[in-house]
1. Using 0.36 nm per residue of separation minus the Cα-Cα distance, give me the extension gain between Ala100 and Val44 in nm, one decimal.
2. Between Ser83 and Lys62, what length comes free when the chain is fully extended (0.36 nm per residue of separation minus the Cα-Cα distance, one decimal in nm)?
3. Sorted by average packing, counted as other Cβ atoms within 10 angstrom per residue and highest first, what order do 86-99, 2-15, 30-43, 54-67 take?
4. Nearest 500 deg cm²/dmol is fine: what mean residue ellipticity at 222 nm does the chain get from its DSSP H runs of n ≥ 4 alone, each adding -39,500 (n - 2.57), divided by its residue count?
5. Taking only Cα atoms, what is the 0 to 90° angle, nearest 10, from helix 11-20's long axis to the longest principal axis of the chain?
6. Just the number, please: Stokes-Einstein D of the range 9-50 in µm²/s, Kirkwood Rh from C-alpha pairs, 25 °C, 0.890 mPa s.
7. With the Cα gyration tensor of the chain in hand, convert its eigenvalues to equivalent ellipsoid semi-axes via √(5λ) and list them largest first in whole Å.
8. Report the net charge of residues surrounding Asp78, where surrounding means a beta-carbon distance below 15 angstrom and charges are Lys +1, Arg +1, Asp -1, Glu -1.
Amino acid sequence: MRSLYLRFADADEMRMQLIGAGFLVDEEQGCLYHPDISLDIIGVITIVSDVENPGQENELIKYSEEPGYHANIRVMNDGLDLSPLHEFIVTPKTPARVWA
């Protein structure tokens, strides 16, 4: 079993690439699935970029978006060929979400 962190340009690219890697579309529920992979769609990641007047009543927190559209996958079958996704794999220092 292995976990991969993926970053795409946007939701459409994510969908297209995951389908190309063997994910199926559940038309009834409108979602992607794979019998051997769990999918966690993160989407756009927002981070704190600046804090003005920290700890004060007029504290102002500014946010920015990390580049890309993010998803995590947990691969149950290590024999799967996921080479179509290799160019989208990233290794974040502190992932926004991880598998339990």
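1. Values: separation 56, 0.36 × 56 = 20.16 nm, distance 2.10 nm.
Gain on stretching Ala100 to Val44: 18.1 nm.
2. Computed gain between Ser83 and Lys62 is 3.8 nm.
3. Per-residue Cβ counts within 10 Å, averaged per peptide and sorted highest first, yield 2-15, 30-43, 86-99, 54-67.
4. -3000 deg cm²/dmol
5. The angle comes out near 20 degrees.
6. Numbers: Rh = 11.8 Å.
In µm²/s, the coefficient is 207.
7. Rounded to whole Å, the semi-axes are 32, 15, 12.
8. Residues close to Asp78 contribute a combined charge of 0.
The values are calculated or read from the model by the stated rules, or taken from the named source; none is laboratory data. Here the structure is a predicted model, which means the values were calculated and not measured. With ideal geometry, Cβ positions are generated from the backbone for all residues, glycine too; neighbour counts draw on all protein chains shown. Please note that ligands, DNA and RNA were not included when accessible areas were found on the heavy atoms of the full protein model with its side chains. Shrake-Rupley method; radii C 1.70, N 1.55, O 1.52, S 1.80 Å.
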